[in-house]
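Enquirer: Have a look at this one before I ask anything.
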Amino acid sequence: MVRLFFIPVFLVFMIPSYATAAKRIALVIGNQTYTKDIGELYNPHKDIELVAGALRKLGFEVRQLKDATRIQTLTEVNQLSHDLGEAGEEGIGFL
């Protein structure tokens, strides 16, 4: 009877450590001003702050990009891809 008690307790402690082992990386981008055809968005900077905060609570390492140029965006997306490659198969990305 004692053995049945110790085995489940051991498994309960092992599951959370395995579940949190994956590296989590996020890139959130908020551009406010676009061409005249699209116009200006109302709250992208505040929106990415809220999303970044929620992702941090989930254990993500978060990078934020505001009003980025095309080159800045491509550079950050490439960096995210590189970092996920370094994290291995267990890595989790959010864009």
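Enquirer: Can you list residues whose amide H is under 5 Å from GLY91's amide H, if they're 5+ apart or on another chain and H is modeled 1.01 Å from N?
Expert: LYS23
Enquirer: How much length is gained on full extension from ASP83 to GLN32, taking 0.36 nm per residue of separation minus their Cα-Cα distance? Before the final figure, lay out the partial values.
Expert: On the way: separation 51, 0.36 × 51 = 18.36 nm, distance 2.66 nm.
15.7 nm is the gain from fully extending ASP83 to GLN32.
Enquirer: Provide the gained length on full extension for the span ILE71 to LYS46, in nm with one decimal, where the gain is 0.36 nm per separating residue minus the Cα-Cα distance. Display every interim value, and only then the final one.
Expert: Details: separation 25, 0.36 × 25 = 9.00 nm, distance 2.28 nm.
Extra length available between ILE71 and LYS46 comes to 6.7 nm.
Enquirer: Once amide H atoms are built 1.01 Å from N in the peptide plane, which residues 5 or more positions from GLU61, or in another chain, come under 5 Å H to H?
Expert: Under 5 Å from the amide H of GLU61 lie the amide H atoms of ARG24, ILE25, ALA26, each far enough along the sequence or on another chain.
Enquirer: Ok, one more. Could you order the peptides 47-55, 29-37 from most to least packed, using the average number of other C-beta atoms within 10 Å per residue? Spell out each step's value before the answer.
Expert: Details: 47-55: 14.9, 29-37: 11.4.
Top of the packing list down: 47-55, 29-37.
No lab work stands behind these numbers, since they all come straight from the coordinates. Keep in mind that this is a model prediction, so the values were computed, not measured. Don't worry about glycine lacking a Cβ; one is built from the backbone with ideal geometry, like all the others, and counts go over all protein chains shown.
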